[in-house]
Amino acid sequence: MNGQQDFDYQQEIESLRDRFKFDFIGLALIQAADQRFEHKWTYVSGNLSDRYKRIVLQSGKGVAGNVIKTGKPTLVEDVAQGFSADELFNYPIVVAEKLSSYGAIPLYKNNRVQGVLLVAYRENRRLTPQQFKEFKDAIGPRFGPYYNMEMVKL
């Protein structure tokens with residue numbers, strides 16, 4: 001599934017987090033068929049706890065699930081205004097990591113979504129559309145074997 005044996009995802013997300021000053025960044029990859037195509041947060045940086053390891057993502061639900069289902073990026077500038085308290089249980093990574101603003105992009109391989117890259121801030125910081133665009137432009141086609149710039153236009 002990797003496609004590039006020498007690509008270090010953890011190092012890359014650490015670098016992106018430092019460069020853009022994100023509070024949290026996570027990479028969810030679709031697992032192989034022998035693991036029932038489960039989606040999990042595989043690599044993270046800036047996490048508050050290890051609760052992300054217990055989150056099993058479902059297509060169409062939550063941050064990663066919605067991006068996987070639609071194949072389109074998503075940006076939520078203010079979680080408090082975007083979701084009611086009743087809706088937040090569908091977004092366990094947002095609750096577990098206390099995210100206040102986030103953006104997520106699909107990662108493609110062979111024209112299929114194979115993962116999701118989530119970037120976020122906590123507390124009073126907001127991810128703006130301009131910052132999100134700069135982030136997407138900066139990672140470009142070099143993000144492992146997955147990224148396909150033409151497919152993630154916002």
Zone residues, the range 80-117, relative to residue 49, backbone N less than 18 Å from point 7 Å out along Cα-to-Cβ:
88-100
Can you tell me which lysines have their Cα less than 20 Å from the Cα of residue 133? Leave out same-chain residues fewer than eight positions away.
21, 72, 153
Protein chains only, probe 1.4 Å: how do 89, 135 rank by accessible area, largest first?
89, 135
Rounded to the nearest 0.05, FRET efficiency between residue 56 and residue 130 (Cβ-Cβ, R0 25 Å) equals 0.15
Between residue 15 and residue 88, how many nm apart are label points set 7 Å from Cα along the C-beta direction?
3.5 nm
When a/c is below 1.5 the answer is rounded, else prolate if a/b is larger than b/c, else oblate, so apply that to the range 49-89 with a ≥ b ≥ c taken from the square roots of the Cα gyration tensor eigenvalues.
oblate
Hey, rough spin-label estimate for residue 80 and residue 42, points 7 angstrom out along Cα→Cβ, what's it come to in nanometres?
3.5 nm
Which of rounded, prolate, oblate describes the range 68-134, given a ≥ b ≥ c as roots of the alpha-carbon gyration tensor eigenvalues and a/c under 1.5 marking rounded, otherwise prolate only if a/b is larger than b/c?
oblate
Describe numerically, in nm with one decimal, the distance between label points set 7 Å from Cα along Cα→Cβ at residue 95 and at residue 138.
3.1 nm
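The values are calculated or read from the model by the stated rules, or taken from the named source; none is laboratory data. No experiment lies behind these values; they were computed from the predicted model shown. Positions of Cβ are backbone-derived with ideal geometry, glycine not excepted, and every protein chain shown enters the neighbour counts. With ligands, DNA and RNA removed, areas are computed over all heavy atoms of the protein, side chains included. Shrake-Rupley method; radii C 1.70, N 1.55, O 1.52, S 1.80 Å.
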